[in-house]
Amino acid sequence: MRGCWKSGTALAFATLFAAGCGGEAEVVGETVRPVALQRVDVATVEERIEGSGQLVAKEHAEIASEVEGVVTELPVDEGDFVEADQILLEIDPEKRGLSVKNARAQLADAQAALAEAKREYDRVLVLHEKGIASDATRDQRATVLARAGSQVESARAAYGVAERALRDASVRAPFSGWVARRDVSRGEYVRPGEVLFELVALDPIEVEFSVAERDSARVHVGQQVRVAVAPYPNESFEGEVTVISPTVDPKTRTLRVKARIANPDGRLRPGLFARTDLGVATREGALLVPEQAVLQRADGEVVFVATEDDRARRVVVTTGLHRDGRVEIVEGLSPADDVIVSGHAALVDGSPIARPRSAGVAADDQSQNVTAKGAAQGAR
């Protein structure tokens with residue numbers, strides 16, 4: 001009888017191949033695991049970073065009263081456009097003007113009293129140096145002078161408060177925008193802190209949206225974004241990313257982003273639901289494998305590749321795009337590799353594997369233990 005022999009890779013157990021003429025080689029003393037294989041797919045991928053959110057006003061304010069009194073003038077109404085620093089309403093400015101005049105007069109009186117106290121102190125100081133005025137008289141005049149100075153400071157502060165109240169009696173727009181709501185009428189008595197108007201700026205407008213955690217590293221300030229809203233289904237609006245949250249929301253695993261959009265005609269309104277697209281990146285020759293081929297291990301993402309001598313080779317890979325059940329492999333594989341997509345959960349580097357008997361037929365998931373006795377039975 002003529003014998004044929006073929007040597008295999010040395011592992012933890014001794015490996016022996018024994019077969020009769022024309023027979024198949026079998027592994028002695030090792031567990032051969034049946035697996036399913038798939039060749040690495042080479043394709044062109046389009047990467048889109050999409051999100052959803054809503055439009056928000058870049059500037060939005062609820063304007064409140066800072067003084068109390070009766071509304072005497074109300075030159076604007078809801079829906080009006082106002083310029084920055086334009087007067088929105090006036091709260092009895094005449095009364096405030098009278099308060100300013102009174103405070104100014106009191107300041108003048110205090111200044112005159114200070115001047116008189118200063119002259120009297122100087123006179124007593126000269127007499128004291130000549131020995132005519134006593135120390136008590138000098139100290140008394142010094143106290144009167146100090147008190148007069150304090151009264152001037154108090155009157156000056158009261159005058160400043162009165163002037164501020166006069167300015168606050170004319171409520172002005174802090175920025176250019178639209179009167180979204182008016183909560184007051186002419187003749188109404190208002191108090192400090194009471195909301196009078198809601199003012200919004202619509203140009204530019206902002207879109208606040210979220211992107212998935214896996215896309216967070218690919219978003220940057222200045223990036224162009226296209227925005228679609230329901231009222232204009234056939235249009236998209238161009239914007240630019242201006243704000244990126246420094247943290248990912250731990251509940252939704254998303255990143256909050258803001259982008260600014262020009263809105264000169266005011267068609268885009270705060271509150272509209274928006275879909276965002278941060279652009280398309282096209283890559284040719286991308287390597288794709290099924291998601292089930294990628295395993296999560298302590299040292300990263302791992303793929304098992306079938307070698308020519310039917311062994312499993314463990315490869316740590318770097319992944320990219322995840323779409324439609326497939327994963328892009330950025331680093332670690334080549335187009336000629338056959339990756340193991342089934343039966344690889346218990347494999348280690350160098351494990352023997354059994355390929356499918358024919359193309360399209362998945363391997364049996366049960367392990368086969370081929371012994372030396374089985375090998376001898378197949379020999380002639």
Check on Glu188, more than 13 Å from Leu278 (Cα to Cα), open to solvent by 20 Å² or more (accessible area, probe 1.4 Å) and modelled with pLDDT under 90: no
Criterion (assigned to a helix (DSSP H, G or I), modelled with pLDDT under 95 and under 30 Å from Asp92 (Cα atoms)) met by exactly one of Ala142, Ala157, Ala136, Ala162: Ala162
Residue tally, condition more than 19 Å from Arg260 (Cβ to Cβ) and open to solvent by 10 Å² or more (accessible area, probe 1.4 Å), over region 191-227: 12
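Evaluate the following for Val42: is it among the hydrophobic types (A, V, I, L, M, F, W, C), in contact with a Pro (Cβ under 9 Å, 6 or more places away or on another chain) and either part of a helix (DSSP H, G or I) or over 30 Å from Gly239 (Cα atoms) (or both)?
Working: among the hydrophobic types (A, V, I, L, M, F, W, C): yes; in contact with a Pro (Cβ under 9 Å, 6 or more places away or on another chain): yes; either part of a helix (DSSP H, G or I) or over 30 Å from Gly239 (Cα atoms) (or both): yes.
Considered against the rule, which asks whether it is among the hydrophobic types (A, V, I, L, M, F, W, C), in contact with a Pro (Cβ under 9 Å, 6 or more places away or on another chain) and either part of a helix (DSSP H, G or I) or over 30 Å from Gly239 (Cα atoms) (or both), Val42 comes out as yes.
Looking at Leu55, Leu37, which is the one that is closer than 30 Å to Gly320 by Cβ, among the hydrophobic types (A, V, I, L, M, F, W, C) and assigned to a strand (DSSP E or B)? Step through it out loud before you land on a result.
On the way: Leu55 fails: closer than 30 Å to Gly320 by Cβ.
Leu37 is the lone residue from the list that is closer than 30 Å to Gly320 by Cβ, among the hydrophobic types (A, V, I, L, M, F, W, C) and assigned to a strand (DSSP E or B).
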Those residues of region 254-268 which are at pLDDT 90 or above and on the phi > 0 side of the Ramachandran plot, in sequence order: none
Residue satisfying condition, being open to solvent by less than 60 Å² (accessible area, probe 1.4 Å), at pLDDT 90 or above and not hydroxyl-bearing (Ser, Thr, Tyr), within set Ala25, Ala19, Ala84: Ala84
Residue that is farthest from Leu202 (Cα to Cα) [pool: residues in region 266-284 that are open to solvent by 80 Å² or more (accessible area, probe 1.4 Å) and not in a loop (DSSP other than H, G, I, E, B)]: Glu284
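Restrict the check to region 231-239 and report whether at least one residue is surrounded by 12 or more Cβ atoms within 10 Å (Cβ to Cβ) and of a type in the set (D, E, K, R).
The first filter runs over region 231-239 and keeps only residues surrounded by 12 or more Cβ atoms within 10 Å (Cβ to Cβ), leaving 232, 236-237, 239.
Going one step further and asking which of them are of a type in the set (D, E, K, R), we end up with none.
The answer is no; no qualifying residue exists.
Scanning region 42-81 for residues that are more than 23 Å from the chain's Cα centre (by Cα) and under 30 Å from Ala281 (Cβ atoms), which turns out surrounded by the most Cβ atoms within 10 Å (Cβ to Cβ)?
Keep residues of region 42-81 that are more than 23 Å from the chain's Cα centre (by Cα), which gives 42-46, 62-81.
Those left that are additionally under 30 Å from Ala281 (Cβ atoms): 42-46.
Values: Val42: 13, Ala43: 12, Thr44: 9, Val45: 17, Glu46: 11.
The selected residue is Val45.
In region 154-165, which residues are surrounded by 19 or more Cβ atoms within 10 Å (Cβ to Cβ) and within 46 Å of the chain's Cα centre (by Cα)?
Just the residues of region 154-165 that are surrounded by 19 or more Cβ atoms within 10 Å (Cβ to Cβ), to begin with: 155, 159, 162, 165.
Scanning region 154-165 gives Ala162, Ala165.
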Residues that are out of contact with any Phe, Trp or Tyr (no Cβ under 9 Å at 6 or more places or on another chain) and either free of Cβ contacts under 8 Å to residues at least 24 places away in the same chain or open to solvent by 50 Å² or more (accessible area, probe 1.4 Å) (or both), drawn from region 175-185: Ser185
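For Leu287, are the conditions met, namely being open to solvent by less than 30 Å² (accessible area, probe 1.4 Å) and assigned to a loop (DSSP other than H, G, I, E, B)?
Working: open to solvent by less than 30 Å² (accessible area, probe 1.4 Å): yes; assigned to a loop (DSSP other than H, G, I, E, B): no.
Criteria not met by Leu287.
The values are calculated or read from the model by the stated rules, or taken from the named source; none is laboratory data. Source: prediction; values computed, not measured. Backbone-built Cβ (ideal geometry, glycine too); neighbour counts: all protein chains shown. The area values use the complete protein model at the heavy-atom level, side chains included, leaving out ligands, DNA and RNA. Shrake-Rupley method; radii C 1.70, N 1.55, O 1.52, S 1.80 Å.
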